[in-house]
Amino acid sequence: MLLRLFKSKQPVLLFLVPVIALALWLKTIIITSHSTLQPKASQLPLSNLLNFLFQYNLHLITIVSLIFIVLLGYLLIKLNSEFINIDARVSLPALFYLLIIGNNIELQLKSDMVFPTIFLSLSLIQVFRTYKLEYAFSYLFNAGFFMAVGSLFYAKIIFFFPILWIGVGIIRTYNWREWSVMLVGFLIPFLIASSYFYISDELAMYSKGFADDLFYRNAVFQIKLPDIIFFSYLFIISLVSILYFFMGYDVKKISTRNNLLILFWFVILSLIIFFALQTNSFELLYFLSIPLSIFFTNYFMTERDSWIKEVLFTIFLAITVYSQIID
């Protein structure tokens, strides 16, 4: 019954997205209002600018970030309806994204990760839009540009650059000019930032800060029983959703299966980055949740075995509620 409700196209469900987000983040908002905690210092230009604008106030940053998390949820709804489940303007992508990243308070304290995540999402959308276009240079330039801007918030985004080439390789026939344009778009934000820091005699500090952020080793993520339950269930649902995509691969529209295939490689790349870097970067879940929320939506949208999906969805919600109470 709950799944059927969220699968409906009632406009009121779109207004539930910020309500659900606030309910999930309420405890974190209260905690940061009575805490002296500050966001991690950063030498990355846009991350540092963000901290400066909000006076290193974690409470204020959390509130503003939550607003952008809601906006990102709406962006994922648009991504799904435009490129995956065509014309299915349902709130499920936003709901799944909120449930994944809002399940743990430690992840919620990193809510400013939403800013690089938005630019990463915009970069993917630019690649999706090149399907069947004769000339796609502007979209591919934008794809590289948006990803580079995101890396000025969070350096590890540069490791996701290969997903752009993978995406173009899946959607379009090989054209070295298109690949080059994407690389040029990616380099321009770095050239602008480097020029600014060179003039202000801060280039060495900026370069060191960027390198440090690339391989910064976070404190060990405190795994508790609710986290074990949640991540185990998340793994199961992820596996089921991805297998469901491949089982129905041949019956989907070419554009839909191409885009889902790109998102599948996004998942693979995310896991490679996480395990290869060994930096305890659990905040990468903000990025990984983009394709997972779309795969979950693609799986739960279908009517086949609806009662099983209703049970799985209800368990997902129940685990989230349990985590919020226990955490």
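What follows draws every value from the coordinates through simple rules; no lab data is involved. Small disclaimer: the values here were computed from a predicted structure and weren't measured. As a convention, Cβ positions derive from the backbone with ideal geometry for all residues, glycine included, and neighbour counts pool all protein chains shown.
At what distance in angstrom do the alpha carbon centres of segment 69-83 and segment 281-327 lie from each other?
16
Which order results if T314, T297, T173 are arranged by neighbouring Cβ count within 10 Å, fewest first?
Lowest to highest Cβ neighbour count: T173, T314, T297.
Taking only C-alpha pairs under 8 Å that are 6+ residues apart, what is the relative contact order of the chain in percent?
With pairs under 8 Å counted, the relative contact order is 24 percent.
How much length, in nm to one decimal, is gained on full extension between L191 and L214, taken as 0.36 nm per residue of separation minus their Cα-Cα distance?
Details: separation 23, 0.36 × 23 = 8.28 nm, distance 1.81 nm.
Value of the extension gain: 6.5 nm.
Normalise the Cα radius of gyration of segment 106-228 by 2.2 N^0.38 Å (N = residues in it) and let me know the number.
1.24
When we measure straight from the Cα of K309, which lysines land under 19 angstrom away, once same-chain ones fewer than 8 places off are left out?
Of all the lysines, those that pass the test against K309 - Cα under 19 Å, at least 8 places apart if same chain - are K7, K9.
What 222 nm value per residue comes from the helices of the chain, counting each DSSP H run with n ≥ 4 as -39,500 (n - 2.57) and dividing by all residues, nearest 500 deg cm²/dmol?
It lands at -23500 deg cm²/dmol.
Normalise the Debye intensity by I(0) for the chain, one equal point scatterer per Cα, no solvent, then take log10 at q = 0.07, 0.08, 0.14 Å⁻¹ and round to two decimals.
Per q value, in the given order, log10 I(q)/I(0) is -0.28, -0.37, -1.17.
Just order 139-151, 201-213 by mean Cβ neighbour count inside 10 Å, highest at the front, would you? Write out the running numbers ahead of the final one.
On the way: 139-151: 24.2, 201-213: 14.4.
By packing density, highest mean first, the sequence is 139-151, 201-213.
Take the cross-link list K132/K252; K27/K224; K78/K132; K27/K78 and give me the ones stretching past 26 Å between alpha-carbons.
Exceeds cut-off: K27/K78.
Cut-off is 10 Å between beta-carbons; in what order do R89, R304 appear when sorted fewest neighbours first?
Details: R89 15, R304 9.
Fewest to most other Cβ atoms nearby, the residues stand as R304, R89.
For segment 156-235, take every pair of Cα atoms, bin their distances at 10 Å starting from 0, and report each bin as a whole percent.
Taking all Cα pairs of segment 156-235, the binned fractions are 14, 26, 26, 23, 12, 0 percent.
Per residue of segment 60-74, what does 6.51 cos²θ - 1.76 cosθ + 1.60 with θ = phi - 60° give for ³J(HN,Hα)? Whole Hz please, x for Gly and Pro, Karplus curve as stated.
Whole-Hz 3J(HN,Hα) from phi for segment 60-74: 5, 4, 5, 5, 5, 4, 5, 4, 6, 5, 4, 4, 5, x, 5.
Beta carbons within 10 angstrom, averaged per residue: use that to sort the peptides 285-291, 255-261, highest first. Before the final figure, lay out the partial values.
Numbers: 285-291: 23.6, 255-261: 19.1.
Highest-to-lowest ranking by the protection proxy: 285-291, 255-261.
Placing unit charges on C-beta atoms (Lys and Arg positive, Asp and Glu negative, everything else neutral), compute the dipole magnitude of the chain about its Cα centre in debye, rounded to 20.
Charge dipole, the chain, about its Cα centre: 620 debye, nearest 20.
What number results when the radius of gyration of segment 180-290, computed over Cα atoms, is divided by 2.2 N^0.38 Å? Numbers along the way, then the final one.
On the way: Rg = 19.3 Å, N = 111, 2.2 N^0.38 = 13.2 Å.
For segment 180-290, the normalised Cα radius of gyration comes out at 1.47.
Stretch V12-E310 to full length: gain in nm at 0.36 nm per residue minus the Cα-Cα span?
Working it through step by step, the gained length comes to 105.2 nm.
Once phi is turned into θ = phi - 60°, what whole-Hz ³J(HN,Hα) does the Karplus curve with 6.51, -1.76 and 1.60 give for every residue of segment 245-255, x standing for Gly and Pro?
4, 5, 5, x, 4, 6, 8, 8, 4, 4, 5
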